[in-house]
Amino acid sequence: MRYLPLTDADRAEMLALIGAGSIDELFCDISPEFRLPGPIEGLPLHASEMAVERHMSRLAAKNLSAGQAPFFLGAGAYRHHIPATVDHLIQRGEFLTAYTPYQPEIAQGTLQVLFEFQTQVARLFGTDIANASMYDGSTACWEAIQMAGRITKRDRVVLSDGLHAHYVSVIEAMARFTADTIDTRSPALEAEPDTSKLVGSIDEETSCVVVQYPDILGRIPDLRAIAEAVHAQGALLIAVVTEPVALGLIEAPGNLGADIVVGEGQSLGVGLQFGGPYLGLFGCRQKFVRQMPGRICGQTVDAAGKRGFVLTLSTREQHIRREKATSNICTNSGLCALAFSIHMSLLGGEGLARLARINHARAQEMVRRLTAIAGVSCLNDVYFNEVTLVLPKPARDVLQALARRDVLGGVSLSRLYPGTSGLENAMLVTATETVSEEDIEAFASALEGVLA
Amino acid sequence: MSAPNPSGWQPSLGSMGSESVEPMTASGDRGLMLEEPLSFELGSAGKCGVDMDEPDEAPVSGLSSFLRECAPELPGLTEPEVIRHYSRLSRMNYGIDLGPFPLGSCTMKHNPRLNEKVARLPGFADIHPLQPHETVQGALDVIEQLADWLIRLTGMAAVAMSPKAGAHGELCGLLCIRAAHDAAGERRTVVLVPESAHGTNPATAAFAGYKVEAIPATPDGRVDLAALKEQLSADVAGVMITNPNTCGLLEREMKAIGDAVHAVGGYVYCDGANFNAIVGKLRPGDLGIDAMHINLHKTFSTPHGGGGPGSGPVVLSEALAPFAPLPFVTRVADGTLRLIEEGEAAEHAPESFGRMTAFHGQMGMFTRGLAYILSHGADGLKQVAEDAVLNANYVLRACEDLLDAPFAQSGPCMHEALFSDSSLPDGFSTLDIAKGLIDEGFHPMTVYFPLVVKGAMLVEPTETESKMGLDRFILSLRNVVQRAVNADESLHSAPVFAPRRRLDETQAARKPVLVWNGDRDG
């Protein structure tokens, strides 16, 4: 076996030193009735590198990848160009094969990256501070709700109807066990989010209001107005950003009054990967720091007076506080945070703004071309790189027909909101900088064909 | 046993700490020991390392009232500057690629590069989670094949693939248990957890709404079955047992524990963090386990990446399988694979407790894990467990004369060897041993865990270490312990050869500086 360095001679020598007659003696604590006599039957035996690569390549070839087709999907996972530098650097063994930086003297690389990452996230979000990452946007969102409950000592949660359906599902599944009350509704096909309705559902029991920005339909809610209403009731505003590239162009939620900002960081540096691993972003006001979940990196000095970094405030965490911890989270998304941070360092703030403008321009071209098709309209007055299109036919069928023509056209709202009537003909379509004019034309002509 | 360092290097104990003999450099760098500023101190606002073809003047008028007042205050760097910045930072890190990383319970084993390669195939890396099912049959097949392996290796009925990491898997398991009791019209409030458990266990139980009560241990380091039986009642939802446990020992009475818990209507959650010690040797399903998470980033070698991402699929018994979270992969009548999501739940999974994460789990880890499993096969995985256990016992027996090993008489250890600092002279502790090992060029073992052992040192070599590698580690560990036994005060200054000396963690926590504000101060 190419991964196992011990030779049979080594094994014999080591058993002799241990004083064991055979390897089975080391497994003597397994009761004989449960001890497996040999390799589990019916499973294949070891395989060469070439054989495994062939097997995996065949499976990969059965998928239609985004690069092979005009591609317009979004809905919480976005395809952006990732500079080659990013993937090269994250594969350096010192980053890739390191553990959580529990021994800071020999983990300054990871720790300094996390400190830089936290700074980048905080500045992108307009928050005072940020943590060293969570699993993904949806779990970060639930953690933020829990945190708001700890701060406000209230348990009623109001979700805007523009929050990603899967995020709502996660919240509903978790809340069933924590007894938080969740006020939620499916979105209606309206050009603008209904701020007054949302504001009207806030009361003195409300711990937090969760608003996605831009929202699931690609609309942009008026966070400033919502924040005022939320704070008037003593509640917290949690903003959710599933497309961080948007923040190159539109105002940071923290600058509009959001108390906690969470997001999905996949857009920067992390590929689509069929949904994971992704990168949960988490920022908040300084005064809430001790209620924040997850690992946090902080600056300090070493015994010789040199600047250095450590994991800090760990008295919030499970390995110290056990059942009294702010969260059960342990593992974060360290390598994805590194990828995000490298991509962000390459872009800089101005590069991100430029990338965002390109995305917005591409989306406008896409909307112009697609809405020229008879029966196709765009719901949104305002959008960043994603819009809701309304078709004359059920969107799920249209998307399947488009896929048969090798066009990956979008995400149907009926897949996200099954059972909600009135959404069947609507779909989300996204154009990032990876979409070319030819892609838009190919999409449009395929759509014309499918709708004809 | 003695294998001198091939380079001939020996610690020159006398000169440690006397840095005055080293010349000062103007740069602060010392040869290949390179310092590196923060990216914010290197970059400047106008710079960018990404060339974009499009014109700057794309209209943004539609966004007027939403526009950002100013671009995020983040300096950019060009590509060569970025490559240097991160390459230099990487050299301040220790990784498994550089040498043994014997963190007990963390399972730092070699990360095969084939797995990195296959995960990057565009057919896996560049597909969207919400593409039509017809276009992702290969991806769904990967999930199904991996699921099948996990089920067969554990002897369980089903597996939930979506949990993002070990603690997320624990939550998945406990929510299945709660959902099962809810479905039976029962509301139970207590989960029993041994004091030696990972901190995530009690934290997860609390997160899932349970009161946590501790299970006592026997003097030999295992669950006290008689005491556990006393604690069992109709109020106990279940137990969370780590097996092999965090003292590195197999729980011999696991089946009896399960029988007792089942007898009062509770369920058995097993923390599978240490499954690498028994994979191919013992199937947890045969012991009456109801749910167990598997850390793909431990047993199945997906890289730890400086703290994640992980992946924590949860194998489930027949009794808990109906409550597994959405979405999951199933094969439908026409032979194709599809995901069961909210729209199909009423028909295919009416009792599912719902969704744990936005999409379908850690696909990038599934491809790596499956490649690892296929490379080893059923025979290789069994050999992995045997070599890991052999290596741990070798370390245990090679050091127990010098270092207190509290459970050395409790039978063979499994994947990890546990020591304590109780035999060290006054003033010397586990921390000194750990920092001394850093100067020896090794990553230290897990320290101060489990909490039930004073000054615990948990050494998990994994199957990755060669005998020569272990001999060198043992030589160094013995050398550091001997320094402590000799009351060598210079050990308190260790490490002196690392990129940093001991860091002031108290200052970090007292006045937290969590973001850079160098451009805003004054």
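The values are calculated or read from the model by the stated rules, or taken from the named source; none is laboratory data. All figures in this text were calculated on a predicted structure; none of them were measured in a lab. All Cβ positions, glycine included, derive from the backbone under ideal geometry; neighbour counts span all protein chains shown.
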Name the residues in the range B:292-326 that are of a type in the set (A, V, I, L, M) and within 30 Å of A:P418 (Cα to Cα), would you?
B:V314, B:V315, B:L316, B:A319, B:L320, B:A321, B:A324, B:L326
Which ranges mark the helices (runs of 4 or more DSSP H) fully within the range A:1-113 that have 3 or more residues being more than 7 Å from every other protein chain (Cβ to nearest Cβ) and either under 30 Å from A:L217 (Cα atoms) or not polar (S, T, N, Q) (or both)?
A:8-18, A:49-61, A:84-90
So which pairs qualify, if the first residue must be in the range A:410-429 and under 13 Å from A:L379 (Cα atoms) and surrounded by 20 or more Cβ atoms within 10 Å (Cβ to Cβ), the second must be modelled with pLDDT of 95 or more and of a type in the set (S, T, Y), the Cβ gap must be under 7 Å, and the two must be at least 6 apart or on different chains?
A:L423/A:S414; A:L423/A:Y417; A:A426/A:T388; A:M427/A:S412; A:L428/A:T388
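Report those strands (runs of 3 or more DSSP E) wholly inside the range A:216-310 carrying at least 2 residues which are out of contact with any Gly (no Cβ under 7 Å at 6 or more places or on another chain), of a type in the set (V, I, T) and closer than 30 Å to A:S412 by Cα.
Numbers: elements: A:236-241, A:260-264, A:280-284, A:297-301.
Because the criterion is at least 2 residues that are out of contact with any Gly (no Cβ under 7 Å at 6 or more places or on another chain), of a type in the set (V, I, T) and closer than 30 Å to A:S412 by Cα, no strands (runs of 3 or more DSSP E) in the range A:216-310 meet it.
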Looking at the structure I just gave you, is A:L447 more than 26 Å from A:V241 (Cα to Cα), in contact with a helix residue (DSSP H, G or I) (Cβ under 7 Å, 6 or more places away or on another chain) and either surrounded by 16 or more Cβ atoms within 10 Å (Cβ to Cβ) or within 12 Å of another protein chain (Cβ to nearest Cβ) (or both)?
yes
Does the range B:352-363 contain at least one residue that is more than 7 Å from chain A (Cβ to nearest Cβ), surrounded by fewer than 24 Cβ atoms within 10 Å (Cβ to Cβ), at pLDDT 95 or above and out of contact with any helix residue (DSSP H, G or I) (no Cβ under 9 Å at 6 or more places or on another chain)?
no
Give the residues of the range A:257-306 that are more than 10 Å from chain B (Cβ to nearest Cβ) and either hydrophobic (A, V, I, L, M, F, W, C) or over 22 Å from the mean Cα position of the chain (by Cα) (or both), sorted by residue number.
A:G257, A:A258, A:I260, A:V261, A:V262, A:L268, A:L281, A:F282, A:C284, A:K287, A:F288
Any chance B:L32 is at pLDDT below 95 and surrounded by fewer than 12 Cβ atoms within 10 Å (Cβ to Cβ)
yes
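Can you tell me which residues in the range A:24-83 are of a type in the set (V, I, T) and either within 26 Å of B:H415 (Cα to Cα) or touching a strand residue (DSSP E or B) at 6+ places or on another chain (Cβ under 7 Å) (or both)? Spell out the reasoning first.
Looking only at the range A:24-83, we keep the residues that are of a type in the set (V, I, T), and these are A:30, A:40, A:52, A:82.
Matches in the range A:24-83: A:I30, A:I40.
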Only one residue in B:V142, B:V136 is over 30 Å from A:L4 (Cα atoms) and either touching a Ser or Thr at 6+ places or on another chain (Cβ under 9 Å) or within 8 Å of chain A (Cβ to nearest Cβ) (or both). Which one?
B:V136
Out of all the residues in the range B:440-482, which are assigned to a helix (DSSP H, G or I), surrounded by fewer than 21 Cβ atoms within 10 Å (Cβ to Cβ) and either charged (D, E, K, R) or not assigned by TED's automatic domain parsing to the domain that holds B:E386 (or both)?
B:K467, B:D471, B:R478
Within the range B:103-133, work out how many residues are part of a loop (DSSP other than H, G, I, E, B), farther than 13 Å from A:N63 by Cα, facing chain A (nearest Cβ under 7 Å) and out of contact with any strand residue (DSSP E or B) (no Cβ under 7 Å at 6 or more places or on another chain).
4
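Could you tell me whether B:D426 is among the acidic types (D, E), assigned to a loop (DSSP other than H, G, I, E, B) and surrounded by fewer than 24 Cβ atoms within 10 Å (Cβ to Cβ)? Explain how you work it out, then say what you get.
Working: among the acidic types (D, E): yes; assigned to a loop (DSSP other than H, G, I, E, B): yes; surrounded by fewer than 24 Cβ atoms within 10 Å (Cβ to Cβ): yes.
Here the answer is yes, as B:D426 does meet what is asked.
Taking only the range B:161-220 into account, find how many residues are aromatic (F, W, Y) and closer than 22 Å to B:F359 by Cα. Spell out the reasoning first.
If we filter the range B:161-220 for residues that are aromatic (F, W, Y), which is where we start, we get B:207, B:210.
Applying the additional criterion that residues be closer than 22 Å to B:F359 by Cα yields B:207.
Going through the range B:161-220 one residue at a time, the tally reaches 1.
Per-residue answers, yes or no, for (1) modelled with pLDDT of 95 or more; (2) farther than 30 Å from B:A385 by Cβ; (3) in a helix (DSSP H, G or I); (4) not assigned by TED's automatic domain parsing to the domain that holds B:F328:
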site: B:V159; (1), (2), (3), (4): yes, no, no, no
site: B:G169; (1), (2), (3), (4): yes, no, yes, no
site: B:A180; (1), (2), (3), (4): yes, yes, yes, no
site: B:L192; (1), (2), (3), (4): yes, no, no, no
Tell me, please, whether a residue that is closer than 14 Å to B:K117 by Cα, within 20 Å of the chain's Cα centre (by Cα) and of a type outside the set (V, I, T) can be found in the range A:62-80.
no
The range A:310-330, subset without any contact (Cβ under 8 Å) to a residue 60 or more places away in the chain and among the hydroxyl-bearing types (S, T, Y), residue surrounded by the most Cβ atoms within 10 Å (Cβ to Cβ)
A:T312
So B:V452 clears everything in (1) more than 9 Å from chain A (Cβ to nearest Cβ); (2) touching a helix residue (DSSP H, G or I) at 6+ places or on another chain (Cβ under 7 Å) except one condition, right? Which one?
(2)
